[in-house]
């Protein structure tokens, strides 16, 4: 069966450190992979998209890597801040269409 | 506000009631979606509409009935729901074509409680 798995346990890190979140998938050949941020009681907010032929993408303090051999994406937040505390979701599209399937998310807490 | 507006924000309904959730976007997007988010579970894709046409129905029970009268509005009609249908229902929209900033824009959701 198709699965998208993210760190099941909450991640706590010290302010200023780099947070690294993992997204692993099985039985998908995604054309696109996205990362979202979700705050309590709100809908997810789109952060970054990476394509299957891209290894890495950056946006300000965010970096995403995509390894189609390992079937894994890593999401990094450098110089983390308490305001980065949220749940982070990965989502992938199995083709070049517009339907995305989501992981369960990882809760990140940045401790001042 | 994200540009996608969902109403109501909260809804409590009995199992025999009929209610509707509404979603509206004025972002010029041509695709709209309904997702269900339950605790400890991934977002579940329920319905997809491209240019007002339904292109996906992920084995959703018939007690959920979507309606998309135009590219800016999406409804989810609810009837004879079960307590396990209690969840956060999220509407999203997106462009159809993937681009550099391609992503879904979500509304804030409707928190549904079935009693």
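Every number here is computed from the coordinates shown, using simple stated rules; none is lab data. Predicted, not measured: the structure shown is a model, and the values here were computed from it. A quick note on method: Cβ atoms are made from the backbone with ideal geometry, for glycine too, and the neighbour counts reach across all protein chains shown.
Provide the packing ranking of A:68-81, B:26-39, i.e. peptides ordered by the mean count of other C-beta atoms within 10 Å per residue, highest first.
Values: A:68-81: 16.2, B:26-39: 18.0.
The peptides rank, most packed first, as B:26-39, A:68-81.
Once you have the Cα-Cα distance between residue A:39 and residue A:52, take 0.36 nm times their residue separation minus that, and quote the gain in nm to one decimal. Walk me through the intermediate numbers first.
Values: separation 13, 0.36 × 13 = 4.68 nm, distance 2.76 nm.
Length gained, residue A:39 through residue A:52: 1.9 nm.
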Quiz item: If R0 is 35 Å, what FRET efficiency do you get for residue B:96 and residue A:8 from their C-beta distance, rounded to 0.05?
Solution: 0.55
Quiz item: Which Rg and Dmax, in Å, describe the Cα atoms of the protein assembly as shown?
Solution: 17.6, 52
Quiz item: Within the stretch A:1-18, whose backbone N sits under 12 Å from a point 7 Å along Cα→Cβ of residue A:71?
Solution: A:1-5
Quiz prompt | Nearest-0.05 FRET efficiency for residue B:82 and residue A:61, computed from C-beta distance (R0 41 Å) | solution = 0.40
Quiz item: When the chain is fully extended, how far beyond the present Cα-Cα distance does residue B:111 get from residue B:67, taking 0.36 nm per residue of separation?
Solution: 13.9 nm
Practice problem: With viscosity set to 0.692 mPa s and temperature to 37 °C, compute the Stokes-Einstein D of chain B, Rh being the Kirkwood radius across alpha carbon pairs; µm²/s, no decimals. | Solution: 231 µm²/s
Quiz item: In peptide B:39-48, how many Cβ atoms from other protein chains are near each Cβ within 10 Å, on average?
Solution: 4
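What translational D, rounded to a whole number of µm²/s, comes out for chain A from Stokes-Einstein when the hydrodynamic radius is the Kirkwood one over Cα pairs, at 10 °C and 1.306 mPa s? Please list the in-between numbers first.
On the way: Rh = 14.0 Å.
D = 113 µm²/s.
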Self-check item: Inter-chain Cβ neighbour average for residues A:38-45, partner chain, 10 Å
Solution: 6
